[in-house]
Amino acid sequence: MTDAQTSRAYWLRAISGVRRRVNAVAWMEWFAPGVFACGTLAGLLFYAMRRVRVDATGWIWLALAFAFAIAAVMAWRIARGAFFSRDDARAFLEYQLRINSGLSAAEAGMAKWPRTSVFSSRVLRWKPQVVLGWLVAAVVMFAAGFWLPVPAQNMRVVPVEKPPALAQTEEWLKDLAQVNAVDPQSIENLESRARELASKPAETQYSHSSLEAADALREQAAQAMQSLSREFESAESTLSSLASARNSLSETNESLSGEQLKHAAGQLDKALHGLSEGNLTASQELREALQKLDASALRELTAEEAARLAQQLGEAGRAVRLVMGNENNGDSESMAVLLAALDGAGGTPMRMRGTGDVLRGRGDAPLEFDRRESDAGGGNLQTVRNDDYSRAALGDKLGVQVGEHTVDPNAAQGPVSAGAMAGAARGGEAVWVNKLTPAEREALKEFYK
Amino acid sequence: MTPSTPTLPNDAELASASASINRLVIALDGVLYGQHELIELVVAGVLARGHILLEGLPGLGKTELVKGLARTLGLDARRVQFTPDLLPGDITGNPILQEVDGRRAFVFQRGPIFANILLADEINRASPKTQSALLEAMQERRVSAGGETHTLPDPFFVLATQNPIELEGTYPLPEAQLDRFLFKIEVRRNSAEVLQRIVLNREIGVEPRVEPVLAREEFTALLGMARRIHMPDTVANYIARMVTATHPGESAASAGVRYGASPRAALALASAAKARGLRHGRGHASFEDVQAVARPVLAHRVLLEHSARLDGATPAGVVEKLLAEIPAQAKPLPTSLAAAKIK
C-alpha cells in the first residue's frame with residue numbers, strides 16, 4: 001500500500017470516527033430523556049404493584065423493554081435531522097485540525113491527502129453531565145419504585161387472635177350445640193352475634209368498643225346458660241320429688257292429693273316459663289313435654305315416667321353446667337356464674353365504669369364523652385393577649401376601643417386652591433428630553449462624542 | 001451548456017505563483033512599513049480582480065501603497081483627487097470637437113479612468129453623480145460616452161481612499177457603489193517602532209524607489225490562475241451559510257442588521273478566498289481563507305439598524321460574531337459535544 005493510500009485510508013477512518021461519535025451523542029441526547037421517562041414509569045409501576053399487592057413483575061419488565069425500544073427508535077427519528085453527514089464530519093475534522101480544507105480537496109482529487117495527524121481522534125470533547133444526569137435520574141426514579149416505603153394501611157394484615165371473651169363465647173356456643181336439650185335456634189341467635197363481632201377487621205378487634213361488645217356477649221351467654229341450667233334443675237327437682245312421692249305412696253296404696261299435684265304443676269309451669277324465654281331456651285321437644293304436664297296429666301303420670309323425664313332434665317342441666325365448667329378448667333367457680341350469682345343476690349356491681357374491671361385491666365378511661373352533656377363550653381371564649389406588638393401576627397386583634405368620632409361641624413372652609421404655576425413651560429425642550437429613554441440619551445451622547 | 005472545468009494549476013505552477021506573489025508582498029512591505037496584513041489583503045484583492053476601498057486617516061500611506069503597487073506590477077496607474085466640483089467627464093473622458101480629415105467631428109478624449117489602476121483619492125468628496133459614473137466602469141469595465149462604448153484596459157482596478165473623520169462637504173458612497181468594492185479595508189495607524197523606522201528611512205516629498213517585481217504578463221497569468229483555484233463543496237457551503245446568516249433573523253449575530261450581504265458578496269468571498277489560497281501556494285480554497293477575508297468583504301455590505309448603531313454595534317462586530325457562530329460543517333455539534341482545542 002502506497003503512502004497516499006495509507007493516508008487516504010487513515011483519513012477516511014478518522015472521518016468515519018468523527019461522524020460515528022457525533023451521531024451517537026446526538027442520538028444519546030434524545031434517548032437519555034426517554035430512558036428517564038421509562039425509568040420513572042417503571043418505578044411508578046413497581047411502586048403501584050407493591051401498593052396493590054399484585055405480582056406483575058414479568059409484565060412490567062416486558063413493558064419496560066418495549067418502552068426502551070420505542071424510546072430508542074423515537075430518539076433516532078428525532079435526532080437523525082442533526083446527524084452529521086460525511087461532508088459535515090470531514091469539514092469539522094479539517095477545520096479543527098487547521099489543515100486548510102486539505103481533506104475536502106483531496107477527496108475531490110484536487111490535492112494530495114494530508115499527512116496523518118495524531119490529533120485526529122482528539123477533536124471532540126464530550127461533556128457527559130447532561131446525558132449522565134438523565135441516566136442517573138432514571139436509575140433513581142426506578143430504584144425509588146422499590147425503595148419507597150408503602151403506607152401502613154397497605155401492608156398485609158397479619159391474622160390476629162380473637163379477643164378471649166369472644167373466643168370463649170364461641171367455644172361455649174359450639175359445645176352447647178352438642179347438647180340436644182337446648183334449642184338450636186337460640187344458639188344460632190347468639191352465634192350470629194358472635195360471628196358479627198368476629199367479622200370485624202383485625203385492627204379493630206381490640207378496639208375499646210369491640211372488647212366491650214365481646215364482654216357483653218360473653219356475659220349474656222353465661223347468664224343465659226346459668227338461667228337455663230337453673231330451670232333444668234328446678235324442673236328435675238320437681239319431677240324427682242313427684243316420682244319419689246309416687247313410689248312411697250304406691251306402697252301404701254295412697255295417691256297424691258290435688259293440692260300437691262297443683263303445686264307440682266305450678267313448679268313445672270314456672271320452670272317451663274324459664275326454659276322458654278331468655279337468650280337460650282330448651283329444645284322444642286322438651287318444652288312440649290313439659291307443657292303437657294298440667295295437674296290432670298301429673299295425676300296420670302307414673303313414677304317411672306316422672307323419673308325418666310327428671311333424669312332427662314337433669315342430664316340437660318348437667319350438660320349445660322359442664323359447658324360452663326370449661327371456662328376455668330379448675331376448682332374455681334366460673335366467673336360468669338359468680339357474676340350472675342352476685343348480680344342476682346343484689347350485690348355491688350363489679351363492672352363499674354372508671355373503676356376497672358375484674359376481667360381485664362383498668363377498664364374505661366376516666367375521660368369520656370357524655371351524650372347527656374348539654375354545655376360544651378362553647379360560650380366560654382378565650383383569647384391570647386399580646387402586649388408585645390413586635391411579635392404580633394397577621395390577624396391578631398391588638399385592641400378595641402369604644403368611643404365617638406370628634407367631628408367639628410364648623411371646620412369646613414369651602415374650596416381651597418392647590419398648586420401654582422411658578423414659571424412658563426418650555427415645551428420644545430421638555431418634549432425632546434422626555435421622548436428619549438435614559439439608555440437612548442446615553443447612546444446618543446456616545447454617538448456624538 | 002455545461003461550463004468547462006478549468007484546469008487545476010499543477011504543483012510547479014502553484015509554487016512559482018506563490019514565489020511571485022511573495023516577491024510582490026515583500027516589495028510592498030518596503031513601500032509601506034508595518035502594514036503587512038493590509039498589504040496581504042490588497043494583494044489578495046488585486047489577484048481576485050476586485051476593487052478596493054481603503055479607509056483611514058490622512059498620512060497613513062494609502063496613496064503610497066497604491067502607487068507602489070502600480071509600480072511593482074509595471075501597470076499603468078492614474079490618480080484622481082476627487083473634489084465636489086469634479087464632473088463625470090473629468091474621470092471617464094469627454095468628446096471634444098476636433099478637425100479630422102478636413103471636417104469637424106467629436107472625438108472621445110479618454111479620461112484618467114483608462115488605466116490599469118485608478119487611484120480615486122478621497123472618493124467620498126465627489127458628488128453622487130460623479131461617483132455613479134464609476135459604477136459602470138467598476139462593474140462592466142467599460143465606459144459609454146457619446147453613444148460609444150469604450151472598453152477599459154485589462155486588468156482594471158479601482159483603488160479608492162476615503163477619510164472617515166471629515167463629514168463636511170462629503171457624500172457618503174451609496175450602498176450600490178460600496179457593494180462593488182471587493183474589500184473595504186480600514187488602514188490603522190502605525191506603532192511607535194514602525195514610526196521610528198519610517199523616520200529613519202523616509203523623507204518628506206521623496207517617494208520610495210520601487211522596482212517592478214512582476215511583468216505584466218506574469219501578473220495576468222497569476223490573475224488567470226487565481227480563477228482556476230478549486231473551491232471545495234464544503235467551503236462553498238460555508239460561504240453560502242455565512243452570507244445567508246448576515247440577513248436579519250438568520251442568525252443570532254445578525255440582531256440589529258437591517259440589510260444583509262448580497263449574492264455578490266458570496267462571489268467576492270469565494271474569489272478572495274481563492275486568491276488567498278493561491279497566495280499560499282494551494283490549489284484550493286479553505287475555511288481559513290474565507291475567514292481571513294470575511295471581514296473586509298462583508299463589513300461594508302452589512303447595513304445596521306439605527307438603534308443598533310446607537311447601541312454601539314458595528315458591521316465589523318457583526319462579522320466577528322458571525323465567524324464565531326457559523327461552524328465549518330453544515331450542522332451544529334450536539335449540545336454535549338464541544339470542539340477540542342488542538343494545540
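The values are calculated or read from the model by the stated rules, or taken from the named source; none is laboratory data. Worth saying up front: this structure is predicted, and the values here are computed from it rather than measured. Cβ: placed from backbone, ideal geometry, glycine included. Neighbour counts: every protein chain shown. Remember, those area values only see protein heavy atoms, side chains included, never the ligands or the DNA or RNA. Shrake-Rupley method; radii C 1.70, N 1.55, O 1.52, S 1.80 Å.
Quick look at the numbers
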quantity: Residues that are open to solvent by less than 40 Å² (accessible area, probe 1.4 Å), among the hydrophobic types (A, V, I, L, M, F, W, C) and part of a helix (DSSP H, G or I), drawn from segment B:288-320; calculated: B:290, B:292, B:293, B:294, B:297, B:298, B:299, B:308, B:310, B:318, B:319
quantity: Unmet criterion (only one of (1) without any contact (Cβ under 8 Å) to a residue 40 or more places away in the chain; (2) among the aliphatic types (A, V, I, L, M); (3) under 24 Å from residue A:324 (Cα atoms)) for residue A:225; calculated: (1)
quantity: Residue pairs meeting the criteria (Cβ under 7 Å; at least 6 apart or on separate chains; first touching a residue at least 24 places away in the same chain (Cβ under 8 Å), in segment A:81-95; second open to solvent by 40 Å² or more (accessible area, probe 1.4 Å)); calculated: A:82/B:331; A:84/A:19; A:84/B:331; A:86/A:19; A:88/B:330; A:88/B:331; A:89/A:19; A:90/A:107
quantity: Qualifying positions in segment B:226-274 - part of a helix (DSSP H, G or I), touching a residue at least 60 places away in the same chain (Cβ under 8 Å) and either more than 14 Å from chain A (Cβ to nearest Cβ) or charged (D, E, K, R) (or both); calculated: B:226, B:227, B:241, B:264, B:265, B:268, B:271, B:272, B:274
quantity: Of the criteria (1) facing chain A (nearest Cβ under 7 Å); (2) touching a strand residue (DSSP E or B) at 6+ places or on another chain (Cβ under 7 Å), which one residue B:318 fails; calculated: (1)
quantity: Condition met for residue A:48 (in contact with a helix residue (DSSP H, G or I) (Cβ under 8 Å, 6 or more places away or on another chain) and assigned by TED's automatic domain parsing to the domain that holds residue A:82); calculated: no
quantity: Any hit, segment A:155-176, residues being within 30 Å of residue A:38 (Cα to Cα) and under 29 Å from the mean Cα position of the chain (by Cα); calculated: yes
quantity: Options B:132, B:191, B:127: the member that is among the hydroxyl-bearing types (Ser, Thr, Tyr), in the same structural domain as residue B:224 (by TED's automatic domain parsing) and at pLDDT below 85; calculated: B:132
quantity: Those strands (runs of 3 or more DSSP E) lying entirely in segment B:113-187 with at least 1 residues open to solvent by less than 10 Å² (accessible area, probe 1.4 Å); calculated: B:117-121, B:142-145, B:157-162, B:181-186
quantity: Given (1) loosely packed, with under 15 Cβ neighbours inside 10 Å; (2) under 30 Å from residue A:319 (Cβ atoms); (3) modelled with pLDDT under 85, index of the condition residue A:201 fails; calculated: (2)
quantity: Among (1) open to solvent by less than 10 Å² (accessible area, probe 1.4 Å); (2) of a type in the set (Gly, Ala, Ser); (3) touching an Asp or Glu at 6+ places or on another chain (Cβ under 7 Å); (4) not in a helix (DSSP H, G or I) - the single one residue B:277 does not satisfy; calculated: (4)
quantity: Flag if residue B:30 is part of a loop (DSSP other than H, G, I, E, B), of a type outside the set (Ser, Thr, Tyr) and open to solvent by 30 Å² or more (accessible area, probe 1.4 Å); calculated: no
quantity: Members of segment B:192-236 that are open to solvent by less than 60 Å² (accessible area, probe 1.4 Å), polar (S, T, N, Q) and more than 20 Å from the chain's Cα centre (by Cα); calculated: B:234
quantity: Single match in A:120, A:101 (criterion: more than 60 Å from the chain's Cα centre (by Cα), at the interface with chain B (Cβ under 7 Å from one of its Cβ atoms), within 18 Å of residue A:19 (Cβ to Cβ) and crowded, with 18+ Cβ neighbours inside 10 Å); calculated: A:101
quantity: Sole exception among (1) within 30 Å of residue B:288 (Cα to Cα); (2) modelled with pLDDT of 90 or more for residue A:29, by number; calculated: (1)
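Yes/no matrix, rows are residues, columns are (1) open to solvent by less than 50 Å² (accessible area, probe 1.4 Å); (2) touching a residue at least 12 places away in the same chain (Cβ under 8 Å):
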| position | (1), (2) |
| --- | --- |
| A:233 | no, yes |
| A:256 | yes, yes |
| A:263 | no, no |
| A:271 | yes, yes |
| A:282 | yes, yes |
| A:294 | no, yes |
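Rundown of residues vs (1) at pLDDT 90 or above; (2) among the aromatic types (Phe, Trp, Tyr), yes/no style:
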position: B:74; (1), (2): no, no
position: B:77; (1), (2): no, no
position: B:81; (1), (2): yes, no
position: B:96; (1), (2): no, no
position: B:101; (1), (2): no, no
position: B:106; (1), (2): no, yes
position: B:112; (1), (2): yes, no
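This table checks each residue for (1) under 30 Å from residue B:23 (Cα atoms); (2) open to solvent by 70 Å² or more (accessible area, probe 1.4 Å); (3) not assigned by TED's automatic domain parsing to the domain that holds residue B:158.
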{"site": "B:70", "(1), (2), (3)": "yes, no, no"}
{"site": "B:73", "(1), (2), (3)": "yes, no, no"}
{"site": "B:77", "(1), (2), (3)": "yes, no, no"}
{"site": "B:83", "(1), (2), (3)": "no, no, no"}
{"site": "B:86", "(1), (2), (3)": "no, no, no"}
{"site": "B:95", "(1), (2), (3)": "no, no, no"}
{"site": "B:100", "(1), (2), (3)": "no, no, no"}
{"site": "B:103", "(1), (2), (3)": "no, yes, no"}
{"site": "B:109", "(1), (2), (3)": "no, yes, no"}
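Every residue, every condition in (1) more than 21 Å from residue B:150 (Cβ to Cβ); (2) without any contact (Cβ under 8 Å) to a residue 60 or more places away in the chain, yes or no:
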{"site": "B:60", "(1), (2)": "yes, no"}
{"site": "B:65", "(1), (2)": "yes, yes"}
{"site": "B:75", "(1), (2)": "no, no"}
{"site": "B:79", "(1), (2)": "no, yes"}
{"site": "B:91", "(1), (2)": "no, yes"}
{"site": "B:94", "(1), (2)": "no, yes"}
{"site": "B:99", "(1), (2)": "yes, yes"}
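Here is a yes/no grid of residues against (1) touching a strand residue (DSSP E or B) at 6+ places or on another chain (Cβ under 9 Å); (2) in a helix (DSSP H, G or I); (3) open to solvent by 80 Å² or more (accessible area, probe 1.4 Å); (4) outside the structural domain of residue A:27 (by TED's automatic domain parsing):
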{"site": "A:40", "(1), (2), (3), (4)": "no, yes, no, no"}
{"site": "A:43", "(1), (2), (3), (4)": "no, yes, no, no"}
{"site": "A:55", "(1), (2), (3), (4)": "no, no, yes, no"}
{"site": "A:59", "(1), (2), (3), (4)": "no, yes, yes, no"}
{"site": "A:65", "(1), (2), (3), (4)": "no, yes, no, no"}
{"site": "A:69", "(1), (2), (3), (4)": "no, yes, no, no"}
{"site": "A:73", "(1), (2), (3), (4)": "no, yes, yes, no"}
{"site": "A:76", "(1), (2), (3), (4)": "no, yes, yes, no"}
{"site": "A:80", "(1), (2), (3), (4)": "no, yes, yes, no"}
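Yes/no matrix, rows are residues, columns are (1) facing chain B (nearest Cβ under 8 Å); (2) at pLDDT below 90; (3) in a loop (DSSP other than H, G, I, E, B); (4) surrounded by 19 or more Cβ atoms within 10 Å (Cβ to Cβ):
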{"position": "A:84", "(1), (2), (3), (4)": "yes, no, yes, yes"}
{"position": "A:88", "(1), (2), (3), (4)": "yes, no, no, yes"}
{"position": "A:94", "(1), (2), (3), (4)": "yes, no, no, yes"}
{"position": "A:109", "(1), (2), (3), (4)": "no, yes, yes, no"}
{"position": "A:115", "(1), (2), (3), (4)": "no, yes, yes, no"}
{"position": "A:136", "(1), (2), (3), (4)": "no, no, no, no"}
{"position": "A:139", "(1), (2), (3), (4)": "no, no, no, no"}
